[in-house]
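Contents: one structure, followed by commentary.
The values are calculated or read from the model by the stated rules, or taken from the named source; none is laboratory data. Here the structure is a predicted model, which is why all the values come from computation and not from measurement. Cβ placement follows ideal geometry from the backbone for every residue including glycine, while neighbour counts extend to all protein chains displayed.
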Amino acid sequence: MIPALGAEGAADLQRKMTEHTVAQARKTGAQIEIRWTGGTETQLRDWLGGDLQYAEQGVGDLGERMARAFQEHFEAGAERVVIVGCDCPSNHWKNIQKSFQWLETSSFVIGPASDRGYYLIGFCRAGSVIPPPRSRTSEPFPVEMFENIDWGSENVLEQTLAAASVPPALLPELDDVDLPRDIPPKISVIVPTLNEAKHLFQCLEKVNEGFDVEAIVVDGGSTDCTEQLVNGFSHFMKCEKGRAAQQNAGAAAASGEILLFLHADTELPANWDFIVRSALEKQWVSLGAFRFAVKERLTGIGAVEWGTNIRSRLFGMPYGDQGFFLRRDTFEAIGGFPDQTILEDVELVRRARRLGKIVTVQEKVLTSGRRWQKCGVFRTTMINQLILLGAALGVPPHKLRRLYG
């Protein structure tokens, strides 16, 4: 990485990946140990936290160091041990948690990487499941699976599995970071706000689960504690009132290659950053959105969700409360959000359609049902449809805005 990023850039990338991996591991509730080499334990504790365990990796190649880690923990009484690499940003905490669940019924688990290595490997203590893994000695796990492996080659996964006596439980194949081209593009999440303190914390908490993301809150004149809530949690800026203007201002200040526009009362799904990057890897996709769902289970809201998702998936017409994501160059090519007070999301989608396909991913966001609760599901739905009809018939936006309000 150093020839492409420089020594400081490569170190910064490793820092981000390590912090992200530790944050994901913390969410599993498992005991965490950092196996380190170089530096000091004091430096690591100051960096990653004093609530973790720390141990030096010791001498030997990668296989010897991993075998030693398993050996020491099994000798200390552990029943299930999982080693996770720090170079796989898409390895979400639920995936790590799944590995421990697999070890309740399987001898070992492995997470294949797309480069034919693996990003995770775990074992249960020999004899704690049937059949137990083979070992030529009294080791509590098969140490031969770490011997005679061509580490760093494309044969690592194949050689490891060949040394196993039973098939592993397989996690999804994920991309790890070996070369500059493997580095995931940075995502900037722009959140327009106007007195959204009640919902904003949950929104930003999900945003900050992503790897190498920045959250930019663009406020249109809040009189609640929005600014105080955001302080230290994300970037905060002020702008003239109006969702289109706020989102355009946030995009102008963003540094990410991918832009995601998110309403403050909407929560992203788990592993959302991987979902977004995967969708936009397809060059024919100009804009993506998530499936729509409402947090509160109101009478009739299921029909609204069904209709919204049908329109979004079959007709390529998502709405802004589904979370729009697109590449920065696409956003700039279509001129950003139009300068209008309502239906700016609909117009953005229409512009994006000229440059590619609109996709709706399978995973869903959860948005607040406050408007349906206030005005009723039927009445709110009818107002929304009247606004769309009025726009199609050429009714001026300021009149549509009064109807919406």
*Out of all the residues in region 35-56, which are part of a strand (DSSP E or B) and either among the hydroxyl-bearing types (Ser, Thr, Tyr) or touching a Phe, Trp or Tyr at 6+ places or on another chain (Cβ under 7 Å) (or both)?*
TRP36, TYR54, GLU56
_If VAL276 meets every condition in (1) in contact with a helix residue (DSSP H, G or I) (Cβ under 6 Å, 6 or more places away or on another chain); (2) aliphatic (A, V, I, L, M); (3) in contact (Cβ under 8 Å) with a residue 60 or more places away in the chain apart from one, which number is that one?_
(1)
_Filtered residues of region 49-69 (kept if farther than 21 Å from GLY122 by Cβ and under 29 Å from the mean Cα position of the chain (by Cα))_ = GLY49, GLY50, ASP51
*Does at least one position in region 245-266 carry a residue that is buried (at least 21 other Cβ atoms within 10 Å of the Cβ), touching a residue at least 40 places away in the same chain (Cβ under 8 Å) and of a type in the set (Ser, Thr, Tyr)?*
yes
*Within region 305-323, work out how many residues are buried (at least 20 other Cβ atoms within 10 Å of the Cβ) and part of a helix (DSSP H, G or I).*
5
_Residue count for region 304-343, restricted to those that are touching a residue at least 60 places away in the same chain (Cβ under 8 Å) and either in contact with a strand residue (DSSP E or B) (Cβ under 9 Å, 6 or more places away or on another chain) or of a type in the set (A, V, I, L, M) (or both)_ = 11
*Can you tell me which residue among LEU326, LEU298, LEU287 is farther than 12 Å from VAL359 by Cβ, among the aliphatic types (A, V, I, L, M) and not in a helix (DSSP H, G or I)?*
LEU298
*Quick check: anything in region 48-59 without any contact (Cβ under 8 Å) to a residue 12 or more places away in the chain, loosely packed, with under 12 Cβ neighbours inside 10 Å and within 23 Å of SER153 (Cα to Cα)?*
yes
*Taking GLN97, is it touching a residue at least 40 places away in the same chain (Cβ under 8 Å) and surrounded by fewer than 19 Cβ atoms within 10 Å (Cβ to Cβ)?*
yes
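Condition check ((1) charged (D, E, K, R); (2) under 20 Å from PRO112 (Cα atoms); (3) at pLDDT 95 or above) across all residues:
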position	(1), (2), (3)
MET145	no, yes, no
GLY152	no, yes, no
ALA163	no, yes, no
PRO168	no, yes, no
ASP176	yes, yes, no
LEU179	no, yes, no
LYS186	yes, no, yes
VAL191	no, no, yes
*State whether one or more residues within region 316-331 are within 24 Å of the chain's Cα centre (by Cα) and farther than 23 Å from ALA245 by Cα.*
yes
*asked:* Quick check on my filter: what residues within region 205-230 are closer than 17 Å to ALA251 by Cα and outside any loop (DSSP other than H, G, I, E, B)?
replied: VAL207, VAL213, GLU214, ALA215, ILE216, VAL217, VAL218, ASP219
